[in-house]
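Notes to accompany the following structure.
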Amino acid sequence: MFYDEVKVSFKAGKGGDGCFSFRRAKYEPKGGPDGGNGGRGGNVFIVGDTNVADLTDFHFKPGWAAKNGEPGRGSNQHGAKGEDLILRLPVGTVVVDRETDEVVAEVLEHGDQVLLLEGGEGGKGNDEFKSSTNQAPRQYTLGKPGDAGDFRLVVKTIADVGLIGFPNAGKSTLLNMMTNAHPKTGAYPFTTMFPTVGVLEYPEQYERITLADIPGLIEGASENRGLGHRFLKHVERCKVLLIMIDMEGTDGREPLSDYRVLVNELKLYMPGLARKPVLVAANKMDEPNAVENLKLFKKKLKLEQVYPISCVSDEGFETLKQAMLKEVLEVRKAEAEAAEEGESEDLEY
């Protein structure tokens, strides 16, 4: 089972209590205060890790807590800081506050580390309160509780190209043939039950891009029919969308209608998705009706970037590969330029 959304509760460590103590030594009947401070509670960090595939660990253990700080002791011994809790999450995970429904943190790259909850401050021992007018203080403070919260962890797949299409359009087969990923394939609906990411290499250009096989959508996915929202959220962060159409019209499907439904569902779910670069792969061109269907498809929609392919004969694969690389590199360049402009604006201020 693939867990891409779970409810969890996290708690930072409580600060250790301060110590109330007076020095007791031979020949020192009036020993002074020597109570040490308590240690700070452990923090809660989240870290992006490409070696973590999903949220299985958090599904079976929804409650996590950092260690408490140790209390102070006599002889001015301060308590040790509580051990931090470091939670490793899949890259692309968003942390949502369940009470306010606001995004409080996210990890987008391997190694990204975010302080989610801060440990409580340690209490002060009575040695902290001594002064010229208070040489035998009897005050001390307790450690403060650490931050805590109830969250929802949501994995949103990060890939350069997201493969969109109805069940049995050939997305998994394409990913299997083009990349190092090996998703399950089969001639029945919803073979793919969770996103699979593969790496497509371009040895001659010294480039690589990632492709994500998004499980098949159905009409009404934007209204959460079927597993709509669970699958559509994985499209949000893809740089380029590749819509795969069964151009043969297997099982009574109509290519033109399929395309319109898919584009409409993306727009209804998130209007911004329509502004992403979109390529169309006309699959199953080895079938008898595909050529005529493609002519009608192009005539009705007047699309420029339609790439005829066949996952049986490898027809059109190289052209499609180069088209995907071109679009991805253009998006990367635009993102880098935008980041540079943002940095220069920050420097001006």
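The values are calculated or read from the model by the stated rules, or taken from the named source; none is laboratory data. All of these numbers come straight from a predicted model, not from anything done at the bench. Heads up, the Cβs are rebuilt from the backbone with ideal geometry, glycines too, and the neighbour counts pull from every protein chain shown.
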Residue match in the stretch 41-57 (condition: surrounded by 16 or more Cβ atoms within 10 Å (Cβ to Cβ), assigned to a loop (DSSP other than H, G, I, E, B) and in contact with a helix residue (DSSP H, G or I) (Cβ under 7 Å, 6 or more places away or on another chain)): no
Criterion: in the same structural domain as Pro203 (by TED's automatic domain parsing), part of a strand (DSSP E or B) and under 17 Å from Ala169 (Cβ atoms) - qualifying residue of Leu294, Leu279, Leu303: Leu279
When residues of the stretch 307-345 are limited to those that are in contact with a Phe, Trp or Tyr (Cβ under 7 Å, 6 or more places away or on another chain) and of a type in the set (A, V, I, L, M), the one nearest to Ile158 (Cα to Cα): Leu325
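Before we move on, is Leu108 in contact with a strand residue (DSSP E or B) (Cβ under 9 Å, 6 or more places away or on another chain) and crowded, with 18+ Cβ neighbours inside 10 Å?
Numbers: in contact with a strand residue (DSSP E or B) (Cβ under 9 Å, 6 or more places away or on another chain): yes; crowded, with 18+ Cβ neighbours inside 10 Å: no.
Considered against the rule, which asks whether it is in contact with a strand residue (DSSP E or B) (Cβ under 9 Å, 6 or more places away or on another chain) and crowded, with 18+ Cβ neighbours inside 10 Å, Leu108 comes out as no.
Can you name every residue in the stretch 283-327 that is among the small types (Gly, Ala, Ser), more than 31 Å from the chain's Cα centre (by Cα) and surrounded by 17 or more Cβ atoms within 10 Å (Cβ to Cβ)? Spell out how you get there, then give the answer.
Residues of the stretch 283-327 that are among the small types (Gly, Ala, Ser), as a first pass: 290, 310, 313, 316, 323.
Add one more test, that the residue is more than 31 Å from the chain's Cα centre (by Cα), and what stays is 290, 310, 313, 316.
Result: Ala290, Ser310, Gly316.
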Conditions (1) over 24 Å from the mean Cα position of the chain (by Cα); (2) surrounded by 12 or more Cβ atoms within 10 Å (Cβ to Cβ); (3) not acidic (Asp, Glu); number of the one not met by Val278: (1)
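Residue check: is Glu83 closer than 30 Å to Arg23 by Cβ, more than 18 Å from the chain's Cα centre (by Cα) and among the acidic types (Asp, Glu)? Outline the logic, then answer.
On the way: closer than 30 Å to Arg23 by Cβ: no; more than 18 Å from the chain's Cα centre (by Cα): yes; among the acidic types (Asp, Glu): yes.
Criteria not met by Glu83.
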